[in-house]
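The values are calculated or read from the model by the stated rules, or taken from the named source; none is laboratory data. Source: prediction; values computed, not measured. All Cβ positions, glycine included, derive from the backbone under ideal geometry; neighbour counts span all protein chains shown.
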Amino acid sequence: MSQPVYEIPVTRIDGSAGDLSPFRGKVLLVVNVASKCGLTPQYEGLEKLYQSRHAQGLEVLGFPANNFKEQEPGSDAEIQQFCTLQYDVHFPLFSKISVRGADQHPLYAMLTTTQPATIGDGPFRERLKGYGIDTGAPGEVLWNFEKFLIGRDGRVAARFAPDVAAEDPRLLDAIDAALAAA
């Protein structure tokens, strides 16, 4: 039986339509990204993670989103150019979507419903609140660079707060465990 995550329609950053079925059997790290965020340098760590574990079956999937303080204002072409020129990103990028609110993309609706708890949540949420920023309802995506780990079986294995960077041992351990699973 196929997993619903693979059947959700998505659009690649080049405009080609499809779904996530080409990634069936892989470990997926789904990340909502933005190019004008204080966390944008995480692109570098995500690319290193992708390069170091891609041969083992990891796919990092970047979904640009403009939900937080308009930190991803560019067109898909501008986002792709930025990612290529600034961070030499090779992992797959998708068309800009909404990850929160009334227009939330079905992929993120499924991810947040399936895995409402976030590893590492707390410090970054408190920082945002300190700046007077609405952090949303429990279970909603908090900010740019939140990460969802999907196992080879297509099930959401874990969710990580935006400030849990690619080199964080909690994320690396979870990825390695998912890669080792049959």
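Conditions tested, residue by residue: (1) in contact with a strand residue (DSSP E or B) (Cβ under 6 Å, 6 or more places away or on another chain); (2) buried (at least 21 other Cβ atoms within 10 Å of the Cβ); (3) at positive phi.
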{"residue": "E70", "(1), (2), (3)": "no, no, yes"}
{"residue": "A77", "(1), (2), (3)": "no, no, no"}
{"residue": "G101", "(1), (2), (3)": "no, no, yes"}
{"residue": "T113", "(1), (2), (3)": "no, no, no"}
{"residue": "W143", "(1), (2), (3)": "no, yes, no"}
{"residue": "A166", "(1), (2), (3)": "no, yes, no"}
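A quick yes/no check of all residues on (1) surrounded by 18 or more Cβ atoms within 10 Å (Cβ to Cβ); (2) touching a residue at least 60 places away in the same chain (Cβ under 8 Å); (3) not in a helix (DSSP H, G or I):
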site: L28; (1), (2), (3): yes, yes, yes
site: V31; (1), (2), (3): yes, yes, yes
site: S35; (1), (2), (3): yes, no, yes
site: Y43; (1), (2), (3): yes, no, no
site: E47; (1), (2), (3): yes, no, no
site: Q51; (1), (2), (3): no, no, no
site: H54; (1), (2), (3): no, no, no
site: L61; (1), (2), (3): yes, no, yes
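Can you pull out every residue in segment 85-102 that is under 14 Å from R12 (Cβ atoms) and not in a loop (DSSP other than H, G, I, E, B)?
The answer is L93, F94, I97.
Which condition breaks for G120 when tested against (1) over 17 Å from the mean Cα position of the chain (by Cα); (2) at positive phi?
Every listed condition holds for G120 apart from (1).
If D88 passes every condition in (1) over 14 Å from the mean Cα position of the chain (by Cα); (2) on the phi < 0 side of the Ramachandran plot; (3) at pLDDT 95 or above but one, which one does it miss?
The failed condition is (2).
Among the residues of segment 116-131, how many are exposed (fewer than 14 other Cβ atoms within 10 Å of the Cβ) and under 19 Å from L46 (Cα atoms)?
Here the count works out to 0.
Kindly indicate whether K69 is assigned to a loop (DSSP other than H, G, I, E, B), among the charged types (D, E, K, R) and without any contact (Cβ under 8 Å) to a residue 40 or more places away in the chain.
no
Cβ-Cβ below 9 Å, separation at least six or inter-chain, first residue in segment 99-123 and within 21 Å of E72 (Cβ to Cβ) and free of Cβ contacts under 8 Å to residues at least 24 places away in the same chain, second of a type in the set (D, E) and buried (at least 16 other Cβ atoms within 10 Å of the Cβ): which pairs?
Q104/E140
Which one is surrounded by the fewest Cβ atoms within 10 Å (Cβ to Cβ), of the residues in segment 1-26 that are of a type in the set (S, T, N, Q) and modelled with pLDDT under 95?
Checked segment 1-26; the qualifying residue surrounded by the fewest Cβ atoms within 10 Å (Cβ to Cβ) is S2.
Can you tell me which residues in segment 120-162 are assigned to a strand (DSSP E or B) and either among the basic types (K, R) or more than 23 Å from V27 (Cα to Cα) (or both)? Can you show your working first?
Our first condition is that a residue be assigned to a strand (DSSP E or B); within segment 120-162, this holds for 147-150, 156-160.
Matches in segment 120-162: K147, R159.
Which condition does D134 not pass, out of (1) modelled with pLDDT under 95; (2) surrounded by 16 or more Cβ atoms within 10 Å (Cβ to Cβ); (3) within 18 Å of N66 (Cα to Cα), if it passes all the others?
Answer for D134: the failing condition is (2).
Yes/no per residue for (1) among the hydroxyl-bearing types (S, T, Y); (2) closer than 19 Å to P162 by Cα:
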{"residue": "L61", "(1), (2)": "no, yes"}
{"residue": "N67", "(1), (2)": "no, yes"}
{"residue": "D76", "(1), (2)": "no, no"}
{"residue": "Q80", "(1), (2)": "no, no"}
{"residue": "S95", "(1), (2)": "yes, no"}
{"residue": "D103", "(1), (2)": "no, no"}
{"residue": "P106", "(1), (2)": "no, no"}
